[in-house]
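Following this message is one structure expressed as structure tokens.
The numbers here are math on the coordinates, done by the rules we state, and not lab data. All figures in this text were calculated on a predicted structure; none of them were measured in a lab. Note: ideal-geometry Cβ built from the backbone for every residue, glycine included; neighbour counts use all protein chains shown.
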Amino acid sequence: MTPETYQPNTSPTNRARPRADLPLDAGTLVAVSDYVIPEPEPKPVDETLSMELQILSSNAVLRGHPSGDERWANCRYYLDETADLSYCWHPKIRILVGDNWWCQWWEEAPEP
């Protein structure tokens, strides 16, 4: 290959790859960005969903603890009774719930 016909490989994968035959020194290192990842903040959709779930919670008498022996793990509407968290498929709830939670529409699961 003659110097006139030489075309360096400038594909994105080759440009960033350091050459193993060249020694590294401080002059060959690339500066690191000063970008700082911002603290997470709730978005408007999060606030809307929070309000909707609070309303649902108050309307459903939704509690994060059992009422005696009544809890979602033994409720007919708890989709996976072996899981700590599962989906409640009651038409008025339809949310992810914990197995120890309770609501006013609790019904005992039928025996298999």
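Can you sort Lys92, Lys43 by how many other beta carbons sit within 10 Å, fewest first? All intermediate terms of the calculation are to be shown ahead of the outcome.
On the way: Lys92 12, Lys43 9.
The most exposed by this proxy come first: Lys43, Lys92.
Going by how many other Cβ atoms sit within 10 Å of their own, how do Val61, Val45 line up, fewest first? Write down the numbers at each step before the final one.
Working: Val61 12, Val45 8.
Ranking Val61, Val45 by Cβ neighbours within 10 Å, fewest first, gives Val45, Val61.
Note the full-extension length gain between Glu81 and Asp69 as 0.36 nm times their separation in residues minus their Cα-Cα distance, in nm to one decimal. If you can, show how the numbers build up before the last one.
Working: separation 12, 0.36 × 12 = 4.32 nm, distance 1.45 nm.
Going from the current span to full extension adds 2.9 nm.
Tally Lys/Arg at +1 and Asp/Glu at -1 over every other residue whose Cβ is under 11 Å from the Cβ of Ser86; what's the total? Don't skip to the answer; put the middle values down first.
On the way: positive: none; negative: Asp80, Glu81, Asp84, Asp99.
Residues near Ser86 contribute -4 overall.
Next up: Which of Ser33, Ser57 has the fewest other C-beta atoms within 10 Å, and how do the rest follow up to the most?
Values: Ser33 6, Ser57 15.
So the residues, fewest neighbours to most, are Ser33, Ser57.
Take the eigenvalues of the Cα gyration tensor for region 59-112, scale each by 5, and report the square roots as semi-axes in whole Å, largest first.
Values: eigenvalues 40, 29, 25 Å².
Equivalent-ellipsoid dimensions as semi-axes: 14, 12, 11 Å.
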